[in-house]
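Here is the structure we will look at.
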Amino acid sequence: MKPDTLAMMKKKGTFLTPTLMASEWIMGKLDNYPPALQAKAKAATAARSEMFRNAAKMGVRISFGTDAAVFPHGQNAKEFKLMVDLGMSPIDALKSATASDAELLGIAQKVGTLEKGKLADVVAVPGDPAADITATERVSFVMKEGRIIRQGPSGTEKAEKTASPELFAPAD
């Protein structure tokens with residue numbers, strides 16, 4: 001996208017969902033493609049990187065999403081590092097996957113931030129993702145609507161009871 005398109009997106013409050021991992025995955029497999037496609041992939045990746053840098057600098061609303069069919073499922077969190085490496089702050093990258101996505105999907109009244117009256121959807125990672133965004137790739141705790149879904153880095157440990165005794169779920 002050209003800067004004038006990004007400026008229009010900012011003016012209208014349109015969200016950009018960049019899906020950076022798709023081209024990153026293809027670039028990692030570049031030798032598997034014929035030379036003409038390699039050149040096209042390199043140009044497209046350079047253009048998407050410039051576009052994302054411009055969007056972040058301009059303050060375009062950015063949401064988090066992936067083209068997970070292009071790369072194996074379960075690697076979505078790598079998108080955070082790509083966003084940060086291209087100029088987005090770690091906090092804004094985290095917000096792109098929480099509050100921004102909830103707003104984009106029209107469900108911000110129920111999810112996206114930790115507030116009284118909203119669903120208790122929580123993901124915890126070791127360390128501080130504001131200091132090391134790759135911590136998002138090491139999820140150690142998941143709570144969905146107040147139920148513990150996963151506790152512990154391996155995902156095999158038994159979940160403990162939540163604050164509400166009636167809410168209990170075994171780990172994966």
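The values are calculated or read from the model by the stated rules, or taken from the named source; none is laboratory data. The structure displayed is predicted, hence computed values, not measured ones. Cβ placement follows ideal geometry from the backbone for every residue including glycine, while neighbour counts extend to all protein chains displayed.
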Flag for A120 being over 20 Å from I62 (Cα atoms) and without any contact (Cβ under 8 Å) to a residue 12 or more places away in the chain | no
Selection from region 39-57 of residues surrounded by 13 or more Cβ atoms within 10 Å (Cβ to Cβ) and closer than 22 Å to L104 by Cα yields R48, M51, F52, R53, N54, A55, A56
In region 32-88, residues that are within 18 Å of the chain's Cα centre (by Cα) and assigned to a helix (DSSP H, G or I) total 15
Could you pull out the residue among L86, L94, L104 that is surrounded by 16 or more Cβ atoms within 10 Å (Cβ to Cβ), over 24 Å from D132 (Cβ atoms) and either modelled with pLDDT of 95 or more or of a type in the set (S, T, Y) (or both)?
-> L104
Could you check, for region 61-79, whether at least one of its residues is among the charged types (D, E, K, R) and more than 24 Å from W25 (Cβ to Cβ)?
-> yes
So which residues in region 2-35 are in contact with a strand residue (DSSP E or B) (Cβ under 8 Å, 6 or more places away or on another chain) and within 22 Å of A68 (Cβ to Cβ), if there are any at all?
-> F15, L16, T17, P18
